[in-house]
Structures are given as structure tokens and as C-alpha cells.
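Visitor: Pasting a structure here, questions to come.
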Amino acid sequence: MRKPTQDEFLEMSDAEVFDRVYPCKLNLSVLLNGTRRWYLTQQFEKPPEKELNHAELLDLIYVNIAKLFKQTANLGVYRIFGPAYSRVQRLRDGPAHE
């Protein structure tokens, strides 16, 4: 199978990409950082003066991570290693754990 050019690759359907990628049994590590900062930039014009709605923040992050993983799997990635919740996270932002 000939390697496509970048332009050809970008024009391929998801099914065509899947057919090329899946047989390679590609593993992908997705290390996400800065999701809280991303959320702040999307929801506020300046840093908030009161506590964040952590339930809303986590829901938004989880939904978007799930979408990312689904899109990646649809393109043929065999295994995705996702982020882990660290022990020190609990010490970082108390209201999120109440």
C-alpha cells in the first residue's frame, strides 16, 4: 500500500484511515494537562473571583475526553492510555473533593 501524501491523507474518510491504521495495532498515550486552565479561558474573560463550579468543570472535561477517545478509536487506534488521577491531586483543590 502506497503512503499517501499529506493532502491525500487529509482527504481520506474515517473508514479509509481506520483501514490503514488499525492493522498496525497503534498504541497512543494521551497525557492531558491544563484542562482547568482551558476551562477558565472558555468560560471567563478574566479569572473568577469566587469558587468554580467543579461539578460542571469535571463534566465538561470528561465529556470532551470521551469525545477525543471515541474519535481516536474511530480512526483505528488500537489502544489508548489515558490520564490517571494522582494522589497529590486531592491536595491541590479542596472544593473539588467536597
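Bear in mind these aren't lab numbers, they're just calculated from the coordinates by the rules spelled out. Being a predicted model, the structure only gives us computed values, none of them experimental. Neighbour counts are summed over all protein chains in view; Cβ atoms, including those assigned to glycine, are modelled from backbone coordinates with ideal geometry.
Visitor: Tally Lys/Arg at +1 and Asp/Glu at -1 over every other residue whose Cβ is under 13 Å from the Cβ of Phe9; what's the total?
Guide: It works out to a net charge of -3.
Visitor: Past 25 Å, Cα to Cα, is the threshold; run Lys46/Lys70; Lys25/Lys70; Lys3/Lys67 against it and keep the listed order.
Guide: Flagged as over cut-off: Lys46/Lys70; Lys3/Lys67.
Visitor: Additional query: Residues in the stretch 17-47, backbone N under 16 Å from the label point at Leu68 (7 Å along the Cα-to-beta-carbon vector): list them, ranges by number please.
Guide: 28-42
Visitor: If you average the alpha carbon positions of the stretch 49-78 and of the stretch 19-44, how far apart do those two centres end up, in angstrom?
Guide: If we compute the Cα centre of each part, the gap is 9 Å.
Visitor: Hey, what do the phi angles of the stretch 57-73 turn into as Karplus ³J(HN,Hα) couplings, whole Hz, using 6.51/-1.76/1.60 and θ = phi - 60°, x for Gly and Pro?
Guide: The phi angles translate into 4, 5, 4, 4, 5, 5, 4, 6, 5, 4, 4, 4, 5, 5, 4, 5, 5 Hz.
Visitor: Can you pull out the GluC sites (Glu not before Pro) in the stretch 1-77 whose DSSP state is coil and whose Cβ has at most 16 other Cβ atoms within 10 Å?
Guide: Glu45, Glu49, Glu51
Visitor: Which of Tyr39, Tyr22 comes first, and how do the rest follow, when ranked by fewest Cβ neighbours within 10 Å?
Guide: By the 10 Å Cβ count, ascending, the order reads Tyr22, Tyr39.
Visitor: Now a separate question. Nothing charged except the Cβ atoms of Lys and Arg (+1) and of Asp and Glu (-1): what's the magnitude of the dipole of the stretch 1-61 about its Cα centre? Round to the nearest 20 debye. Show your work: numbers first, answer last.
Guide: On the way: 8 positive and 11 negative charges, 72 e Å.
Magnitude of the dipole: close to 340 debye.
Visitor: So which trypsin sites (Lys or Arg not before Pro) in the stretch 26-82 are both in a DSSP loop and have at most 12 other Cβ atoms within 10 Å of their Cβ?
Guide: Lys50
Visitor: Excluding Leu28 itself, calculate the net charge of residues whose Cβ lies under 14 Å from the Cβ of Leu28, where each Lys or Arg counts +1 and each Asp or Glu counts -1.
Guide: +3
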